[in-house]
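K.L.:
Structure provided below as structure tokens; questions to follow.
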Amino acid sequence: MRDLANWKGCPAPRPVLIEGRYVRLEPYERRQHLEALWDGLGGMGINPLLKYFTQDDFSGIDAFDAWLRAAQEKSGWVTEVFRDKAAGKVVGMANYMRADPANGVVEVGAVAHGPAMARSPLSTEAHYLMARHVFEDLGYRRYEWKCHSENQPSRTTAARLGFTFEGIFRQHMISKHANRDTAWFSIIDGEWPLIKAAFEAWLSPENFDCDGRQKRRLEDIRADLAAKERT
């Protein structure tokens, strides 16, 4: 844990452009991104993804637009869209949300991966870039991931990316007129160097065969690095 004797807090997250090898993170701009994001998330096909989100199904792009604008303007979300650099298309998004700059805590949420992100390094790199920005550029101490306790795909993704499961907040909120227990995960700053090294080793072109399949799993790389640290 860092020395907090002279802690002065962190800057609030702001829209940022970040270049990766496979994906570019772009600050959401309605005129530029709304239609591309809606299409990248599958248009009306986005609704099955909303099972564990708190909002109701979207009736169309206008409802999606209204939801995202309200989240940004009323809740202070900072939306980053993911663009596949090879294809040039918007393929997903995530948001910096519930920022607590005074204590150095921020959450990544409303994560939505379009079909083009499946079975590719795009999502892994996107989340690596978002986490790196939080810890290295903004100096945060804690990076959170939360999801419906029944959302097993989200829980599996959080664990794969290196977030530590911290427990279940029972009766945390009401979602779609029903109780939601929330699973909490986090990465803290002291863990970031090892998690970063694992991300970079996994994302290296040498970790993929000629058909684009991974040679080593991210979890295995991280475990090997942790074992070396202990010896």
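Where a number appears in this text, it was derived from the coordinates with a stated rule and is not lab data. Keep in mind that what you see is a predicted model, and the values were worked out from it rather than measured. In this analysis, Cβ positions are derived from the backbone assuming ideal geometry, glycine residues included, and neighbour counts consider all displayed protein chains.
K.L.:
Give Lys8/Lys74; Lys89/Lys146; Lys8/Lys89; Lys85/Lys176; Lys146/Lys196; Lys51/Lys228 a once-over and call out the pairs whose C-alpha atoms are over 31 Å from each other. Intermediate results must be reported in sequence, preceding the final value.
P.N.:
Numbers: Lys8/Lys74 26 Å; Lys89/Lys146 27 Å; Lys8/Lys89 39 Å; Lys85/Lys176 36 Å; Lys146/Lys196 20 Å; Lys51/Lys228 40 Å.
From Lys8/Lys74; Lys89/Lys146; Lys8/Lys89; Lys85/Lys176; Lys146/Lys196; Lys51/Lys228, over 31 Å: Lys8/Lys89; Lys85/Lys176; Lys51/Lys228.
K.L.:
Right, something else. For Ala159, what is the net charge nearby, where nearby means another residue's Cβ is under 15 Å from its Cβ and Lys, Arg count +1, Asp, Glu -1?
P.N.:
Numbers: positive: Lys146, Arg155, Arg160, Arg217, Arg222; negative: Glu144, Glu166, Glu191, Glu219, Asp220.
Overall, the nearby charge balance is 0.
K.L.:
For the ranges 212-220, 37-45, what's the packing order if you count other beta-carbon atoms within 10 Å of each residue, average per peptide, and put the highest first?
P.N.:
Going from most to least packed, we get 37-45, 212-220.
K.L.:
Moving to a separate point now. Starting from the Cα of Ala118, step 7 Å along the direction of its Cβ; do the same at Arg30; then give the gap between the two resulting points in nm.
P.N.:
3.2
K.L.:
What are the ³J(HN,Hα) couplings of the stretch 37-43, residue after residue, when phi is run through the Karplus curve with 6.51, -1.76, 1.60 and θ = phi - 60°? Round to Hz, x for glycine and proline.
P.N.:
Each residue's phi maps through the Karplus curve to give 5, 4, 5, x, 8, x, x Hz.
K.L.:
Order 92-105, 55-68 from most to least packed using the mean count of other Cβ atoms within 10 Å. The partial results should precede the final answer.
P.N.:
On the way: 92-105: 19.1, 55-68: 14.4.
Final packing ranking: 92-105, 55-68.
K.L.:
Given Cα pairs under 8 Å that are at least 6 residues apart, what percent is the relative contact order of the chain?
P.N.:
Numbers: 368 pairs, mean separation 40.5, N = 231.
Computed over the chain, the figure is 18 percent.
K.L.:
Which label marks the calculated value of Rg and Dmax of the Cα atoms in Å, given the options (i) 29.4, 110; (ii) 17.7, 56; (iii) 16.9, 57?
P.N.:
(ii)
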